1. To one decimal place, what orientation-averaged projected area in nm² is obtained for the convex hull of the Cα set of the stretch 279-366?
2. Express as a percent, rounded to the nearest 5, the fraction of DSSP beta bridges in the stretch 9-272 (both residues included) that run antiparallel.
3. Along Cα→Cβ, 7 Å out, is where each label goes; now give me the distance between the ones at ARG396 and LEU72 in nm to one decimal.
4. In whole Hz, with x marking every Gly and Pro, tabulate ³J(HN,Hα) for the stretch 396-405 from phi via Karplus 6.51 cos²θ - 1.76 cosθ + 1.60, θ = phi - 60°.
5. For ALA219, enumerate residues with amide H under 5 Å from its amide H, sequence gap 5+ or separate chain, H modeled in the peptide plane.
6. Go through the stretch 371-376 residue by residue and turn each phi into a ³J(HN,Hα) via Karplus (6.51, -1.76, 1.60, θ = phi - 60°); whole Hz please, and just put x for glycine and proline.
7. By average Cβ neighbour count within 10 Å, what is the ranking of 27-34, 123-130 from highest down?
8. GLU138 to LYS92: FRET efficiency via 1/(1 + (r/R0)^6), r the Cβ-Cβ distance, R0 25 Å, to the nearest 0.05?
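The values are calculated or read from the model by the stated rules, or taken from the named source; none is laboratory data. Predicted model, so just to flag it, every value in this text is computed and none were measured. So basically every Cβ, Gly included, is an ideal-geometry build from the backbone, and we count neighbours across all protein chains shown. In case anyone asks, the SASA skips ligands and DNA or RNA and just uses the protein heavy atoms, side chains included. Shrake-Rupley method; radii C 1.70, N 1.55, O 1.52, S 1.80 Å.
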Amino acid sequence: MVSSYPALNYKVIAKCSTTRARASILELPHGPVEGPVFMPVGTQASLKGVLPEQLDRMGCQIMLNNTYHLGLKPGKEVLHSLGGAHKLQSWKRNLLTDSGGFQMVSLLKLATITEEGVTFLSPRDGTPMLLTPEHSMELQNTIGSDIMMQLDDVVHTLTEDTRMEEAMYRSIRWLDRCIEAHKNTDTQNLFCIIQGGLNKKLREICCKEMMKRDTPGIAVGGLSGGEEKTTFCEVVHTCTGILPENKPRYLMGVGYAEDLVVCVALGMDMFDCVYPTRTARFGNALTRNGILNLRNQRFKTDMSSLEEGCLCPCCVPKEKGGWGITRAFLNSLVSKETVGAHLVTIHNTHFQLQLMRDMRSSIIKDCFPQFVKTFFSMWHNGDRSSYPEWAVNALRLVNIDLLED
């Protein structure tokens, strides 16, 4: 299962014999990416509170930048003069950029979508602006990201079927325009985005149409808007059953730990989400035994690390070359001092990256089902009655029964 394009080589190196989980290697212009992979979100060319060097030391091989925000500041002209976003942020590894369409619709008032593109009011001075597939490609070509996303017609998953069908077909037509406008095919890869909401038939149609365009990779979009999780997983399962085995599959906007484990089992390879860094700023640390609310007074005198055995610099003791940060110290900082948010962000980012590495290792060893059961047991402190029903049902689709020994 191999695919090759001018700026991308992809190979599945191992498959779980029980589920649809895959371990892969994705060769991009700025180095290899080992899948499955979580991509931290550096919205404005910066992961909040983390230096590029720190992110690199954590083993991050690819991160996400936001086309809409970079287009506003520093802007296309500045990016062009600097030589792109890699140089702007001193990041030597890979970048993925979204198209900017999601922000047009979700963040801005009076956004109007027509066949031409998305019309919105400038957040600077309120003047009307237009984002087209051609403009999105021009911006992303200037940014120089290793993976670019097509501009798609973004609607909420619970939108009625007539509008959802219109958005799905428009996204296909906009992909054709993106392909035509993409100027740097030797150094940048354009991924299509599967749309269709929770309608499996529309998803099937979109998968088949997008596959005809033969983009180097394929994303599944429109599934992180608060929809019911059982249906969410059924749609992911439907898509991975259709999409080609020899291309990377990217599930957009998904980043909760349980979601990552389940969706890797369902056959997805790439993920991104602001959750690990955003929740860090509220004082929540991710651990294999669940989430620690560090504002809780029970941590006031707790001199242990966030997670025993964690190899992030916060958790490693000083005598072993780490920072030796304690729960008590973070309890006194979070929600008050920015350094608290920075430290928890580093820990949470490392947690996500390590979770993906551990899943990859278990797939290669063909013991992924046991990894999944162990993960859920630890996350829920051994209480099977607290396992979410949607996760139990989704994993049964790929032959894992969480409730069996």
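1. 5.9 nm²
2. 45 percent
3. 4.5 nm
4. 5, 4, 10, 6, 10, 10, 4, 8, 9, 6
5. Excluding prolines and chain starts, which carry no amide H, the hits are CYS192, ILE193, ILE194, TYR250.
6. Values per residue, Gly and Pro as x: 4, 4, 5, 5, 4, 5 Hz.
7. Final packing ranking: 27-34, 123-130.
8. Efficiency, from the Cβ-Cβ distance: 0.50.
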